[in-house]
Amino acid sequence: MIPSTLTWEMEQLSNGVVRLSFAGQSRMGSEGNPDGQRMQKVIREVLANHNPSALLIDLTNLEYRFGDWIGAVLLGARAKLGRGRVCVLATGETALALRSLLEFGRIDRLISLEQDVGEALRCLSGAISSEST
């Protein structure tokens, strides 16, 4: 089994949005399950300790190619925060692989995948501003 190179970093943005960036090379298929479990644990800890209004999951520095496990990571975050409060940022091959999984599993109806940080923040700001009205 290939060892994990997964790392993460948290950044508090405006309006209570937290940007959680994951980096490294994720393992493929079921070998990636431990990566998914680590990501879920990190997300749970960030949500519990920082109580964000929304979560931007930044995967621009993560190499992801294949594995259903990442769907559980994203859906777990959405289950904690609610509709429109989780957005994924990814580019390149990672974005292509994610888009395929999200569309096939119809997760794209629940969680937005963006390739531009500005668009991701606009997506989240819509959910935040609708809460305050």
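For residue 29, work out the one condition from (1) in contact with a Gly (Cβ under 9 Å, 6 or more places away or on another chain); (2) surrounded by 15 or more Cβ atoms within 10 Å (Cβ to Cβ) it doesn't fulfil.
Of everything listed in (1) in contact with a Gly (Cβ under 9 Å, 6 or more places away or on another chain); (2) surrounded by 15 or more Cβ atoms within 10 Å (Cβ to Cβ), residue 29 misses just condition (2).
For region 92-109, state whether one or more residues are within 17 Å of residue 18 (Cα to Cα) and at pLDDT 80 or above.
Within region 92-109, none of the residues are within 17 Å of residue 18 (Cα to Cα) and at pLDDT 80 or above.
For region 58-85, how many residues are touching a helix residue (DSSP H, G or I) at 6+ places or on another chain (Cβ under 9 Å) and part of a helix (DSSP H, G or I)?
Result for region 58-85: 12.
For region 12-22, which positions are more than 17 Å from residue 116 (Cα to Cα) and part of a strand (DSSP E or B)?
Matches in region 12-22: 12 only.
Restricting attention to region 67-85, report how many residues are among the basic types (Lys, Arg), within 12 Å of residue 107 (Cα to Cα) and buried (at least 16 other Cβ atoms within 10 Å of the Cβ).
Final tally of qualifying residues: 1.
Any residue in region 5-19 that's within 17 Å of residue 54 (Cα to Cα): show its pairings with residues that are surrounded by 15 or more Cβ atoms within 10 Å (Cβ to Cβ) and among the β-branched types (Val, Ile, Thr) at Cβ separation under 8 Å, as long as the two are six or more apart or on different chains.
Close Cβ pairs (under 8 Å, with a partner that is surrounded by 15 or more Cβ atoms within 10 Å (Cβ to Cβ) and among the β-branched types (Val, Ile, Thr)) amount to 10/18; 10/46; 11/18; 12/18; 15/128; 16/128; 17/128; 18/46.
Which condition number in (1) within 12 Å of the chain's Cα centre (by Cα); (2) in a helix (DSSP H, G or I) is the one that residue 55 fails?
(2)
Filter region 32-66 down to residues that are of a type in the set (Asp, Glu) and touching a Ser or Thr at 6+ places or on another chain (Cβ under 6 Å) and give me whichever is surrounded by the fewest Cβ atoms within 10 Å (Cβ to Cβ).
58
The values are calculated or read from the model by the stated rules, or taken from the named source; none is laboratory data. Just so it is clear, the structure is predicted and the values come from calculations on it, not from any experiment. Glycine also receives a Cβ, built like all others from the backbone with ideal geometry; neighbour counts cover every protein chain displayed.
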